[in-house]
Amino acid sequence: MTQFSKRTLLTAMAALPAAALFVPRAAWADIEVNVNRADVQPLPIAIPAFGGGQVGVDIVGVIASDLQRSGLFRPLDPASFTDRDLNAAVQPNYPAWQKINAQALLYGQASAAGSGLQVDIRICDVFAEKELKGQRFTASPENWRRVAHKIADFVYELLTGEKGYFDTRIAFVAETGARGSKTKRLGIMDQDGANPQYLTDGSATIMTPRFSSTSQQLTYMELRPEGSKIYLLDLDTTRRESLGEFKGMVFSPRFSPDGSKVAFSVERGGNSDIFMMDLRSRATTRLTVDPAIDTSPSFSPNGAQIVFNSDRSGSPQIYIMGADGSSPRRISFAQGRYTAPVWSPTGEFIAFTKQTGGEFHIGVMKPDGSDERILTSSYLDEGPAWAPNGRVLVFTRQGAGGGSKLWSVDVTGRTLQPLPYPGAGSDPAWSPLLN
Amino acid sequence: MVTTVNARSALRLTLIAAGALSLAACGHGPKPSYPTSQATQAPHSAEPSRPQAMPNRTEPVTQNALPGSERDFTVNVGDRVYFDYDMFTVRGDATPLLDAQSDWLKRYPAVQVRIEGNADERGTEEYNLALGARRANAVREYLVAHGVAATRITTVSFGKEKPIDTGAGEQAEAHNRNGHTAIVSGARMQ
C-alpha cells in the first residue's frame with residue numbers, strides 16, 4: 001500500500017478528520033497556515049534540480065513554489081538530498097529518499113529538441129519504491145515557466161485525483177496612487193505572480209474583470225464620470241468590444257459557463273436589476289423586476305441557475321433563480337449581510353462575502369444554503385473568485401485606511417496567503433487552464 | 001453634526017478653489033446666501049501688519065465667487081448631501097441644502113449637473129455601485145420635485161471608488177456616504 005494516496009490528499013482538501021501523516025518539519029519554511037482545521041500535514045515531496053542546466057534548475061523552482069503554495073505539498077530542502085546520481089537510466093536510490101522522509105519524488109531532465117524545449121519527468125512513490133508515472137513536455141524555450149506549471153498540474157492531478165490550477169492566469173485590477181485618487185488599471189499575470197502586464201492606460205477606473213470559463217476572454221466594467229460600460233476583451237487577439245450603450249449604469253458582468261451570454265446589472269432611475277445578453281444575437285432579456293438592488297449574478301456550472309445578491313428582504317442576502325429569472329428564492333439566513341456570491345466551477349459551493357460583527361469574511365455554503373463555512377476574517381475581505389478546479393479562492397483584502405492586496409484561501413480555510421504580486425490590487429479573477 | 005460635515009467640506013472646497021486661483025483663503029460660510037458682490041480686482045493691501053494711522057485703508061478687501069459660477073455653487077450653496085448607512089432617503093437635515101441647490105439651478109437655467117452617488121467602504125463593490133445609484137437618484141428626484149428640469153440632470157454612481165475622506169472609521173464613512181452635485185456645463189466662468 002502506498003503511504004500517500006489520492007484518498008489522503010482528497011481527505012485533506014475536504015477538511016475531514018483524517019489519518020494525519022506525521023512528518024518532521026524540514027528546513028524549508030512552510031507556507032503560513034492561519035487556520036489549521038484539518039489535522040493533515042502537507043505531503044513531503046523531493047524535487048531535485050532537473051538535469052539540463054539552468055533551465056532545469058529554474059523549472060524546479062517554479063514547480064516547488066506552485067506545489068508549496070497549494071498547501072497540500074511540502075517540497076523538501078534540496079540541501080538534504082543525498083541521492084545525487086539520479087537520471088533516467090537508473091532507479092532512484094529509494095532508501096536515500098526514505099531517510100529524509102520524502103514520500104514522493106519528482107525528477108526530470110530538460111533538453112533541447114530541435115528549436116524547442118523538452119522536459120521528461122518521472123514521479124515515484126518513495127516508500128513503495130516504484131515509479132508511478134512519467135511524462136514528456138515540449139514547448140518553445142521562452143515558455144519554460146508554462147512547462148513548469150504544466151508539470152506541477154500533472155503532479156497535483158496524479159496525487160490528488162483532481163485537476164490542477166497552476167497553468168493559469170489571474171486578471172485583476174492594478175491599483176496605484178493614494179486612496180481617493182487611485183488609478184485602477186486592468187492587469188493580468190500568471191497565477192504565481194510572474195509576467196504582470198497592464199492592459200488599460202488608467203484613464204478610466206476598471207472594475208470587476210471576470211474570465212470566461214471556456215476561453216481566454218474577459219468581461220469587465222469601466223467607470224468614468226459620464227457613466228459605465230461593460231467590455232469584452234479577447235486576450236489572444238486583444239480585440240475589445242463594448243456590450244453596447246445603456247440608459248443608466250451597467251455593472252457586475254459575468255459570463256455564462258459556455259461563454260455565450262453575459263449576465264449583468266442595469267440601473268434605471270436608481271433601481272438595479274439583472275439582465276442577460278446573448279452575445280451572438282445581442283438580444284437582452286431582463287431577469288429580475290424588483291425595486292430592490294439586484295446584482296452580482298453568477299451562473300451554476302450547468303448554466304441552468306443564477307445566484308445573485310438582492311436586498312429585497314431589507315438587507316443584502318443571497319438568492320438563487322432560474323437562468324430565465326424564474327422562482328427566485330433566498331438561501332442565506334444566518335446573521336449578517338451577504339454579498340458578491342459566486343458559484344464554484346464544480347457546482348459544489350457558493351462563495352460569498354459576509355459582513356458581520358464589524359468584520360468582512362470570505363465564506364462558502366452549499367447551493368441550498370446549508371453548511372456555511374467562514375474561511376477568512378479581516379477589516380475588509382471581499383470579492384471571492386474561484387480557481388478553475390474549485391479548490392482555491394482569490395479575493396481582495398484591504399486594511400483600515402490601507403491599500404488593497406490580492407489574497408488567496410483554499411476551500412477548507414487552511415491555507416490563507418497573499419498572492420505573490422507586490423503591488424496593490426483588487427478584484428482578482430482566475431482563468432481556465434491554458435492549453 | 002451634519003452642518004459640521006457640510007461646513008468642513010465647504011471649507012475644504014473653498015481652500016482648494018482659492019488655492020487654484022492663487023487667492024488668499026477667505027472662509028465663507030456654507031450658507032446659501034448670494035452676496036451682492038464687491039468682487040474686485042484690487043491688489044492686495046501690501047503690508048497689513050504694519051501699524052497704520054488710517055484704519056480704513058487696511059480694511060480687508062472681500063473677494064467672492066462670481067454669482068452663477070461653479071465656485072459660487074460649491075461655496076455658497078453646497079454641492080454635497082450626506083446619507084445614513086445603507087440608506088438612500090434624503091435626510092431631513094439635507095433638505096435646506098437641496099432646496100438651495102434647486103433655487104440656484106432655477107436661477108441659472110443654462111447649468112447642467114451630474115449627481116454622483118457615493119458609498120462608504122463598509123460594503124462590497126457591486127452592491128455599493130447599486131447603492132450609490134440609489135442615492136444619486138434620490139437627489140435627482142428631490143431637485144426635479146422642486147422644479148429643476150429633469151433633462152438638466154444626469155446621474156452616476158461611483159460606489160466606493162471616490163472617497164472624499166480617506167481615513168477609516170465612522171466619521172470618514174459618514175463623509176463618504178454622499179450625493180455630490182457636479183456642474184457639467186453652463187456655469188459662468190469664475
Nearest-0.05 FRET efficiency for residue B:66 and residue A:268, computed from C-beta distance (R0 35 Å): 0.40
Return the subset of A:150/A:229; A:99/A:133; A:184/A:261 for which the Cα-Cα distance in this structure is over 24 Å, preserving the input order. A:150/A:229; A:184/A:261
Hits among aspartates and glutamates - C-alpha to C-alpha of residue A:366 under 12 Å, sequence gap 8 or more where chains match: A:348
Once both axes come from the Cα atoms, what is the angle between helix A:144-160 and the longest principal axis of chain A, in degrees from 0 to 90, rounded to 10? 90 degrees
Under unit Cβ charges (Lys, Arg +1; Asp, Glu -1), what dipole magnitude, rounded to 20 debye, does chain A have relative to its Cα centre? 380 debye
Only four residue types carry charge here, +1 at the Cβ of Lys and Arg and -1 at the Cβ of Asp and Glu. Report the dipole size of segment A:249-288 about the Cα centre in Debye, rounded to the nearest 20. 100 debye
Report the relative contact order of segment B:64-190, percent, no decimals, based on alpha-carbon pairs under 8 angstrom and at least 6 residues apart. 38 percent
Which one of A:105, A:384, A:81 is farthest out on the positive end of the charge dipole of chain A, using unit charges on Cβ (Lys, Arg +1; Asp, Glu -1) and the Cα centre as origin? A:384
Between residue A:142 and residue B:164, how many nm apart are label points set 7 Å from Cα along the C-beta direction? 5.0 nm
With the 8 Å Cα cutoff and a minimum separation of six or more residues, segment A:260-339 has a relative contact order in percent of 20 percent
Relative contact order of chain A, defined on C-alpha pairs under 8 angstrom at six or more residues apart (%): 12 percent
Mind checking A:265-273 for the average number of partner chain beta-carbons within 10 Å of each residue's beta-carbon? 6
Taking every residue in A:103-115, how many Cβ atoms of other protein chains lie within 10 Å of its Cβ, on average? 0
Between A:308, A:215, A:90, whose Cα lies farthest towards the positive end of the dipole of chain A when Lys and Arg beta carbons carry +1 and Asp and Glu beta carbons carry -1, centred on the Cα centre? A:308
Just want the answer: with Cβ charges of +1 for Lys and Arg and -1 for Asp and Glu, which residue in A:199, A:269, A:296 is farthest toward the dipole's positive end in segment A:169-430? A:269
List the trypsin sites (Lys or Arg not before Pro) in segment A:130-212 that DSSP assigns to loop (not H, G, I, E or B) and whose Cβ has at most 16 other Cβ atoms within 10 Å. Which are they? A:163
Cut-off of 10 Å, at most 11 other beta carbons, DSSP loop: longest stretch of chain A lacking such GluC sites (Glu not before Pro): A:33-225
R0 of 56 Å, Cβ-Cβ distance residue A:238-residue B:58: FRET efficiency to nearest 0.05: 0.30
Output field shielding_mean for B:166-172 (other chain Cβ, 10 Å radius) holds 3
Set of lysines near residue B:106 by C-alpha distance (under 18 Å), chain-local residues within fewer than 8 positions excluded: B:31
Nearest 10, in degrees from 0 to 90: the angle of helix A:54-69 to the longest Cα principal axis of chain A is 60 degrees
Volume per residue of the C-alpha convex hull in chain A, rounded to whole Å³: 152 Å³
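Bear in mind these aren't lab numbers, they're just calculated from the coordinates by the rules spelled out. Please read these numbers as outputs of a predicted model, since none were measured by experiment. Because the Cβ atoms are built from the backbone with ideal geometry, glycine has one as well, and the counts that use them run over all protein chains shown.
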